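Working notes, structure below.
The values are calculated or read from the model by the stated rules, or taken from the named source; none is laboratory data. Bear in mind the structure is a predicted one, so any value in this text is a computation, not a measurement. Reconstructed Cβ throughout: ideal geometry from the backbone, glycine too, with neighbour counts over all protein chains shown. All accessible areas refer to the heavy atoms of the entire protein, side chains included, with ligands and DNA or RNA removed. Shrake-Rupley method; radii C 1.70, N 1.55, O 1.52, S 1.80 Å.
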Amino acid sequence: MGDVDDLNDANDTKDPNQPARKAGQAGSPLPERPGDEGGTPQDAQVVVVGAGPAGSSAAFHLARAGVDVLLLEKDEFPREKVCGDGLTPRGVHQLIRMGVDIGGDGWHRSRGMRWVCGDRDVYIDWPGLARLPDFGLTRTRHDFDEILARHAQAAGARLHTGVKVTGPLTDRTGRVVGVRAVAGPDARPVEHRAPLVIAADGASARLAVALGAHRDKARPMGTAVRRYYRSPERSREEYLELWADLPHPSTGDRLPGYGWIFPLGDGRVNVGLGLLTRHRGNSPDLRGALGAWLERTPSEWGLDDDGADGPLRSAALPMGLNRRPQYGRGLLLVGDSAGTISPWSGEGICQAMESGEAAAAAVALALSRPAGPARERALQNYPAELNRLWGRYYRLGNFTATYILSRSGFQPVLQRIIDRPFLVNGLARLLTNLTDDPSHDAIDHILNTLVRITPAPARGR
């Protein structure tokens, strides 16, 4: 489900298998603004680097707050992005909060999840919570990201595409005061200045790395592969399908992850496999594991080379807030650059948008104060807000992923509970972080209590 970065740098190229779009449709070229050229140095109150879900969400909320924000994207839209293309109700909630139109063509609603384990399966509807919608969505990242970028632009953000940020600009004290970039097909050098920069530049986290923000190698990482298939048989399904029993193609050992089949409603499905990376030993061949799994699916589903609609692509999944600090010296990290993908499920789009909104709130408050200690206190509230949102939940998830799921995956647990609806629903809501608070039922009460008794991470961890 997550928002992931292609290990093969597929994001730098358009997918030749995607149809051309007419003007005015999602995926059509972005309108240019007079004098708003990416190759011209510009000042702003905030520069946001990367127009994925995290960056566009941050830019949208900042623009709505009246902040002058410059949103830089290295690719041209529409562009491909390796992802499961699935949104749980938490992700849908973020779109609703932003006022994104989710009723038009291209959006496919899901009622819940279908979990498959061996010759058994179970259907789990999304819960009817007071604070979240009761449906999920799928949409390809080919135009999902552009929809969010357009939405931020319509709110007032200045969007530049074809601008690749190469590093931070810093003053004599080492504080970030903007970014260096190259723009356009001729890679013209350009500098954009701002007192604050938000890094939404993906798992590579080039800006963070340039400033010494490290990745905690003790926290889980994941890898994934995915491919589109033409499958009218499965494309209009109402449930996101997840397979827990994935044997190693060579040894037969359980793989620490799951396979997915997400219907897109347009005759295609997004099919992929995500695994936790083991700290010791060699990681399995994901492509081989995907092929071995798909051989088990019915032939009428069309999940073979003849039904493939595009290349197989691979990606990294930075999880569990594994990069710190999330704020320092004028730079805020959001989305994959901060490692916000859930260690429970690999979901990342929702977390990217939530982190973008949290960063925007901290920045808007900070800019209302004069530069100095008062502004810094507001900015330091951003990592504190991430800890409030996910700190205990992710700490529990990091432990579970590292010491349980990375060894045996989901299969042993699911085998034992698949015939027990209360336990299955409880596990599903734990994995997708879907609860009401205050609790409205027994599952809410148990899960909220479990998270509350988990020790809070130390500040900065």
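What single numbered condition from (1) polar (S, T, N, Q); (2) within 17 Å of the chain's Cα centre (by Cα); (3) modelled with pLDDT under 95 fails to hold for residue 283?
(2) is the only condition that residue 283 fails.
Restricting to the stretch 324-375, give me the number of residues that are touching a Pro at 6+ places or on another chain (Cβ under 7 Å), of a type in the set (S, T, N, Q) and assigned to a helix (DSSP H, G or I).
Residues that pass the stated criteria total 0.
Collect the residues in the stretch 195-216 that are farther than 25 Å from residue 140 by Cβ and open to solvent by 40 Å² or more (accessible area, probe 1.4 Å), keeping them in residue-number order.
Residues satisfying the conditions are 195, 206, 209, 210, 212, 214, 215.
Could you list all residues from the stretch 234-247 that are under 27 Å from residue 402 (Cα atoms) and either among the hydroxyl-bearing types (Ser, Thr, Tyr) or open to solvent by 50 Å² or more (accessible area, probe 1.4 Å) (or both)?
The answer is 247, and nothing else.
Has the stretch 404-424 got at least one residue that is within 27 Å of residue 52 (Cβ to Cβ), of a type in the set (A, V, I, L, M) and touching a residue at least 60 places away in the same chain (Cβ under 8 Å)? Don't jump to the end; show me each part of the working.
The initial filter retains those residues of the stretch 404-424 that are within 27 Å of residue 52 (Cβ to Cβ), namely 405-406.
Narrowing the set further to residues that are of a type in the set (A, V, I, L, M) leaves 405.
Adding the requirement that they be touching a residue at least 60 places away in the same chain (Cβ under 8 Å) leaves 405.
Among the residues of the stretch 404-424, at least one is within 27 Å of residue 52 (Cβ to Cβ), of a type in the set (A, V, I, L, M) and touching a residue at least 60 places away in the same chain (Cβ under 8 Å), which makes the answer yes.
Please find, among 158, 141, 90, 109, the residue that is open to solvent by less than 10 Å² (accessible area, probe 1.4 Å) and basic (Lys, Arg).
On the way: 158 fails: open to solvent by less than 10 Å² (accessible area, probe 1.4 Å); 90 fails: open to solvent by less than 10 Å² (accessible area, probe 1.4 Å); 109 fails: open to solvent by less than 10 Å² (accessible area, probe 1.4 Å).
On inspection, the qualifying residue turns out to be 141.
Could you look through the stretch 303-321, keep only residues that are crowded, with 22+ Cβ neighbours inside 10 Å and within 14 Å of the chain's Cα centre (by Cα), and pick out the one that is modelled with the lowest pLDDT?
If we take residues in the stretch 303-321 being crowded, with 22+ Cβ neighbours inside 10 Å and within 14 Å of the chain's Cα centre (by Cα), then 315 is modelled with the lowest pLDDT.
Condition first: over 12 Å from residue 159 (Cβ atoms) and either open to solvent by 10 Å² or more (accessible area, probe 1.4 Å) or part of a strand (DSSP E or B) (or both). Now tell me which residues in the stretch 50-74 satisfy that.
Taking the stretch 50-74 first, the residues over 12 Å from residue 159 (Cβ atoms) are 52-54, 57-58, 61-62, 64-68, 74.
Selection gives 52, 61, 64, 65, 66, 67, 68, 74.
Out of all the residues in the stretch 359-370, is one or more among the hydrophobic types (A, V, I, L, M, F, W, C), buried (at least 18 other Cβ atoms within 10 Å of the Cβ), farther than 18 Å from residue 213 by Cα and in contact with a Cys (Cβ under 9 Å, 6 or more places away or on another chain)?
No, every residue in the stretch 359-370 fails to be among the hydrophobic types (A, V, I, L, M, F, W, C), buried (at least 18 other Cβ atoms within 10 Å of the Cβ), farther than 18 Å from residue 213 by Cα and in contact with a Cys (Cβ under 9 Å, 6 or more places away or on another chain).
Output the number of residues of the stretch 164-208 satisfying the condition of being out of contact with any helix residue (DSSP H, G or I) (no Cβ under 9 Å at 6 or more places or on another chain) and under 22 Å from residue 340 (Cα atoms).
0
Would you point out the residue of the stretch 407-431, among those that are within 11 Å of residue 256 (Cβ to Cβ) and crowded, with 19+ Cβ neighbours inside 10 Å, that is modelled with the lowest pLDDT?
409
Consider the stretch 167-187. How many of its residues are in contact with a Pro (Cβ under 8 Å, 6 or more places away or on another chain), free of Cβ contacts under 8 Å to residues at least 40 places away in the same chain and either surrounded by 18 or more Cβ atoms within 10 Å (Cβ to Cβ) or aliphatic (A, V, I, L, M) (or both)?
Final tally of qualifying residues: 1.
Yes or no: the stretch 217-233 includes at least one residue that is open to solvent by less than 60 Å² (accessible area, probe 1.4 Å), over 17 Å from residue 337 (Cα atoms) and assigned to a loop (DSSP other than H, G, I, E, B).
Taking every residue of the stretch 217-233 in turn, at least one turns out to be open to solvent by less than 60 Å² (accessible area, probe 1.4 Å), over 17 Å from residue 337 (Cα atoms) and assigned to a loop (DSSP other than H, G, I, E, B).
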